[in-house]
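The values are calculated or read from the model by the stated rules, or taken from the named source; none is laboratory data. In this text the structure is predicted, and so the values were computed from the model without any measurement. With ideal geometry, Cβ positions are generated from the backbone for all residues, glycine too; neighbour counts draw on all protein chains shown. Just so you know, the surface numbers come from the protein's heavy atoms only, side chains and all, with ligands and any DNA or RNA stripped out. Shrake-Rupley method; radii C 1.70, N 1.55, O 1.52, S 1.80 Å.
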Amino acid sequence: MVRALVYGVAPAVQPDEVDPTLPEGERRLAVTPMALQDVEPGELPGPDWVRLRTRMTGICGSDTKQVLADGDPDNAMTALISFPQVLGHEVVAEVAEVGADASGLDIGQRVLLNPWLSCAPRGIAPVCPACADGDLSLCHNFAEGRLQPGIHVGNSADAPGGFGEFLPAHASMCIPLPDDVPDEVAVLADPVSVSLHAVTRNPPPDGGPAVVYGIGALGTTTLEILRALHPGVQVLAVWQHPLQAALAERLGATAITSTPAEAIVAAVGDATGARVRTPFLGAPMLQPGGADVVYDTVASTETLEVGVRITRPRGTMVLTGVATPGRFEWTPWYFKELRLVGSNAFGIEEVDGLRQHAMQHYLDLVRAGRIDLDGMLTHTYRLEDWREAFTTILRAHETGAVKVAFDLR
């Protein structure tokens, strides 16, 4: 038996037993259907799989949203997941067992987890066109093959994730870790890869300006990718609390407060020389002028509404965040002929003319000294302290949390 946080079980308490004075997020956490349990490790899905012993697992924003039930029941993505689940796809691990056909890996070897449950892990050959192009997050077969539905480790019933002591992985999902990259640096590979994909597929023009909206984990990694790959670009960063502002400034951006919306529009207008247009009601917009690219790492109704106001005509908004849908005043989207681009995770990416997996690019950039995210991993917890870990995330404006991880070493 092994320990794991299992999602999809009976909640420990009922809603009417929760202190009604707690903030909404903490009330949801109290009744989440997740518990630390002893579970059977199960058989490997195939001889080309390995078993990994978890060392560290980052808590992704998508994990937090699921644990807090912060979403809509009609979310189309539920067509591509299965229960019960052990969440956690930002994994640093060591190889504990090697299947008969899993080559190139040794017992005890440290690896990064490429989490995508695409064609190869599902035993599908030939692979689909998306996988052939290296777009692993757009695989055609997330509900086919030898695994139950799931786009990545942690949301398939057959592929439990890093919120447990052990997890299975296809050999192709294991990226060897150099000895000089510690676990605390390696565990940031997933959010950095998300940002790398967003920036390389939607780069800012020389000189910018670009806006990074939200300075959590994805915002921080987006700032660092921009600094590494586009050092000449003017970058503005929209923050929610002073700790984020200080972090943004350390990473070379000009920090802008997130409230009120009028202040963001005015600040971007001042920085870009754009004209501010004031409507009868609501926040103003910039026209002409504004940011060439806005990287929205939150994608809430509030950030979208401001984003379409500060993006220049025919500019681009890149959405790496996912929030609960809702109404926003989107007339500037149509009027300024903006591009709103969803940016879904990562796969094989091109940097400086080299095509390889985004996580390998991250390791290379770290080892070359081009990326330094020292201090981004702000908190680590044991599995048994999982409620405290999520509370730390919920109270980020007090705790200063940027990236929180489980440490199982």
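In degrees, nearest 10, range 0 to 90: what is the angle between the Cα axis of helix 358-367 and the longest Cα principal axis of the chain?
Once rounded, the angle reads 80 degrees.
In whole angstrom, how long is each semi-axis of the equivalent ellipsoid of the range 192-267, when you take the square root of 5 times every eigenvalue of its Cα gyration tensor and sort them from largest down?
20, 14, 11
Rounded if a/c is under 1.5, else prolate if a/b is larger than b/c, else oblate: which is the range 333-409, with a ≥ b ≥ c the root eigenvalues of its Cα gyration tensor?
Judged from the Cα gyration tensor, the range 333-409 comes out oblate (a/c at least 1.5, b/c at or above a/b).
Pick from Gly219, Gly269, Gly353: which is most flexible by mean-square fluctuation in a GNM of the chain where alpha carbon atoms under 10 Å apart are linked?
Gly353
How many nm separate the modelled label positions at Ala79 and Thr200, each set 7 Å beyond the Cα in the direction of the Cβ?
If labels sit at Ala79 and Thr200, their model points lie 2.9 nm apart.
May I ask for the angle, rounded to the nearest 10°, between helix 261-272 and the longest principal axis of the chain, with both axes built from Cα atoms and the value confined to 0 to 90°?
Value to nearest ten degrees: 80.
Between Rg and the Kirkwood Rh of the chain, both from Cα atoms, what is the Rg to Rh ratio?
Ratio of gyration radius to Kirkwood radius for the chain: 0.97.
Let me spell out the model: positive unit charges on the Cβ of Lys and Arg, negative unit charges on the Cβ of Asp and Glu, origin at the Cα centre of the chain. What dipole size does that give, in debye rounded to 20?
1020 debye
Calculate for the chain the 222 nm mean residue ellipticity that helices alone would give, adding -39,500 (n - 2.57) per DSSP H run of length 4 or more and normalising by residue count, nearest 500 deg cm²/dmol.
Value at 222 nm, helices only, nearest 500: -7000 deg cm²/dmol.
Put +1 on the Cβ of every Lys and Arg and -1 on every Asp and Glu Cβ in the chain; which of Ala186, Tyr7, Pro279 then has its Cα farthest towards the positive end of the dipole?
Pro279
Please state the charge dipole magnitude for the range 177-308, taken about the Cα centre, from unit charges on C-beta atoms (+1 on K and R, -1 on D and E), reported in debye and rounded to the nearest 20.
Magnitude of the dipole: close to 540 debye.
Given the convex hull of the Cα atoms of the range 190-233, what is a quarter of its surface area in nm²?
Projected over every direction and averaged, the Cα hull of the range 190-233 covers 2.6 nm².
What is the spin-label model distance, in nm, from Glu302 to Glu262 if the labels are put 7 Å beyond Cα along the C-beta direction?
According to this spin-label approximation, the distance is 1.7 nm.
Where the accessible area of the chain is counted over protein heavy atoms with a 1.4 Å probe, how much of it, in %, is carbon and sulfur?
Exposed carbon and sulfur together represent 53 percent of the surface.
At a 1.4 Å probe radius, which order do Ile81, Ile215 fall into by accessible area, largest first?
Result, largest first: Ile81, Ile215.
Just the accessible area for Arg355, please: 1.4 Å probe, Å², rounded to the nearest 10?
130 Å²
Across the range 201-357, what fraction of all alpha-carbon pairs, as a whole percent, falls in each successive 10 Å bin from zero upward?
11, 44, 35, 9, 1, 0
Where the eigenvalues come from the Cα gyration tensor of the range 1-116, what are the semi-axes √(5λ) of the equivalent ellipsoid, largest first, in whole Å?
So the equivalent ellipsoid measures 33, 15, 14 Å along its semi-axes.
How tilted is helix 301-310 with respect to the longest principal axis of the chain? Cα atoms for both, answer in degrees (0 to 90, nearest 10).
50 degrees
Per residue and in Å³, how big is the convex hull formed by the alpha-carbon atoms of the range 119-172?
76 Å³
Please find the FRET efficiency linking Ala10 to Asp133, where r is the Cβ-Cβ separation and R0 is fixed at 30 Å, and quote it to the nearest 0.05.
0.10
Which three numbers, in whole Å and largest first, are the semi-axes of the equivalent ellipsoid of the range 276-409 derived from its Cα gyration tensor as √(5λ)?
34, 23, 13
Can you give the accessible area of Phe83, probe radius 1.4 Å, in Å² rounded to 10?
Roll a 1.4 Å probe over it and Phe83 shows about 110 Å².
For the pair Leu354 and Asp374, what calculated FRET efficiency results from E = 1/(1 + (r/R0)^6), where r is the Cβ-Cβ distance and R0 = 22 Å, to the nearest 0.05?
My answer for the efficiency is 0.30.
Quick one: grab the alpha carbon gyration tensor of the range 164-222, order the square roots of its eigenvalues as a ≥ b ≥ c, and give me rounded if a/c is under 1.5, else prolate or oblate depending on whether a/b is larger than b/c.
In terms of gyration-tensor shape, prolate.
Counting only Cα, what are the radius of gyration and maximum Cα-Cα distance Dmax of the range 86-207, in Å?
For the range 86-207, the Cα radius of gyration and maximum Cα-Cα distance read 15.2, 52 Å.
Using a/c under 1.5 as the rounded threshold, could you call the range 55-147 rounded, prolate or oblate? The axes a ≥ b ≥ c are square roots of the C-alpha gyration tensor eigenvalues, and prolate needs a/b larger than b/c, oblate otherwise.
oblate
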